[in-house]
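The values are calculated or read from the model by the stated rules, or taken from the named source; none is laboratory data. On a predicted model such as this, the values are computed, not experimentally measured, just so you know. Note that we place each Cβ from the backbone using ideal geometry, even for glycine, and neighbour counts take in every protein chain shown.
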Amino acid sequence: MRQLLIVLASIFLLHTTAAYSQLTLDACREKARANYPLIKQYGLIGQSAEYNLSNANKGYLPQVTVSAKVSYQSETTEIPINIPGIPAFSMSKDQYQAISEINQLIWDGGAIRSQKKIIQQSAEVEKQNLEVSLYTLNERINQLFFGILVIKEQLKQNDLLQAGWQTNIDRVTAWINNGVANQADLDALKVEQLRTAQRNTELLSLQKSYTQMLSAMIGEPIGEGVTFIKPESAMQPELSVNHRPELQLFENQKNLLGYQREALYAANRPKFGMFLQAGYGKPGLNILSNKFSPFAIGGARITWNISNYYSQKNNISKLGLSGQTVDLQKEVFLYNSNLAGIQQNNEISKIHELISRDTDIISLRQNIRKSSETKVENGTLSVSELIRDIQAEDMARQEKSLHEMQLLISIYNLRNITNN
């Protein structure tokens with residue numbers, strides 16, 4: 001049992017190590033999204049919407065106001081009637097009043113409900129706008145990830161070329177011993193070998209830069225032993241199907257305009273509520289008394305701001321114009337996306353045709369190189385001409401490798417255009 005546990009632990013450890021020593025394109029996208037500072041704004045948008053909704057709901061609570069007033073007036077009401085035995089009455093010119101009023105909304109025409117819908121939909125618009133910003137990360141990750149893969153393919157071809165130079169150096173060395181070649185021929189090959197080594201240094205430096213940028217974007221270190229998994233050849237997506245986040249943003253904006261239109265109608269409806277006033281002052285409700293006294297008033301109140309109808313038509317028309325603007329933005333976005341998709345489709349077709357001929361070119365270049373090696377060995381061809389044929393074969397192999405990677409990049413670019 002102990003040995004079994006050790007074996008299972010070893011298998012798990014190997015599996016875990018392998019999982020962390022590989023990077024896929026999808027994993028890089030997810031990590032970059034989670035690491036991007038703007039992702040924190042999702043929580044801020046949600047909290048802000050909660051606060052605004054809480055404030056809107058408080059509109060249903062009793063609204064309390066407190067006011068106080070002190071005044072002095074130049075003239076007051078008098079009763080100019082002289083009744084024997086009864087002194088003449090006149091109000092005091094100085095008056096005092098403190099009032100506390102409670103208003104309870106019964107029906108507001110749907111204004112608060114419309115306001116809550118606007119708050120919720122505004123939050124959805126902000127979140128989707130943030131989603132659009134985050135979606136642009138995909139293109140940047142694609143560029144870095146595929147850039148690293150292209151460099152790795154070039155490094156492989158460079159290693160093969162380096163091995164080819166070494167093989168021919170060994171051959172020429174043997175030919176020199178047999179009197180078929182001279183030192184200049186050997187030096188020419190060594191120069192090309194050194195140039196290939198320089199190219200290797202340049203590629204490694206470029207790979208390091210790309211890897212460091214990708215590491216910064218995903219927020220994790222990428223060691224030298226990490227393997228970048230080349231995506232499988234994906235199916236070419238349909239250009240007619242588009243799931244870009246911008247389209248959902250346009251939809252959310254149109255919905256927001258609809259709720260704002262509802263709010264305009266709600267603001268023009270009458271509002272009904274109950275109120276209660278309690279106060280203390282001189283005079284109180286009895287204006288014939290010049291003494292401080294408490295008082296209270298309760299009842300129902302209906303208010304209707306009819307003047308809102310003056311601007312209702314223009315405000316609704318403005319919302320209509322905003323809706324047309326959103327439709328126009330959507331139309332322009334789809335137009336540009338379609339053009340970009342057509343360009344990528346043509347690029348994919350072109351690369352397919354190039355790849356179909358790369359294999360034949362490599363085969364022919366290989367035959368030419370082998371023939372040149374035989375001719376050099378027989379003394380009928382110079383080493384410099386052999387170098388030219390070796391470079392031509394290497395260039396053909398590099399072009400095929402590049403075309404295959406370009407095909408994959410173009411397909412993923414098309415997928416990024418349509419989000420399919």
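Numbers below:
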quantity: Of all residues making up the stretch 173-212, the number that are farther than 26 Å from ASN378 by Cβ and either among the acidic types (Asp, Glu) or modelled with pLDDT under 90 (or both); calculated: 1
quantity: Residues located in the stretch 205-214, provided they are out of contact with any Lys or Arg (no Cβ under 8 Å at 6 or more places or on another chain) and either loosely packed, with under 13 Cβ neighbours inside 10 Å or not hydrophobic (A, V, I, L, M, F, W, C) (or both); calculated: SER205, LYS208, SER209, TYR210, THR211, GLN212
quantity: Residues (touching a helix residue (DSSP H, G or I) at 6+ places or on another chain (Cβ under 8 Å), farther than 30 Å from LYS152 by Cβ and hydroxyl-bearing (Ser, Thr, Tyr)) located in the stretch 218-264; calculated: TYR259
quantity: Meets criteria (crowded, with 16+ Cβ neighbours inside 10 Å, in the same structural domain as ARG33 (by TED's automatic domain parsing) and under 23 Å from ILE411 (Cα atoms)) for THR227; calculated: no
quantity: Some residue of the stretch 162-169 being in contact with a helix residue (DSSP H, G or I) (Cβ under 8 Å, 6 or more places away or on another chain), hydroxyl-bearing (Ser, Thr, Tyr) and more than 30 Å from GLY279 (Cβ to Cβ); calculated: no
quantity: Long-range neighbours under 6 Å by Cβ, at least six apart or interchain, first residue modelled with pLDDT under 75 within the stretch 213-240, second assigned to a loop (DSSP other than H, G, I, E, B); calculated: PRO237/ASN420
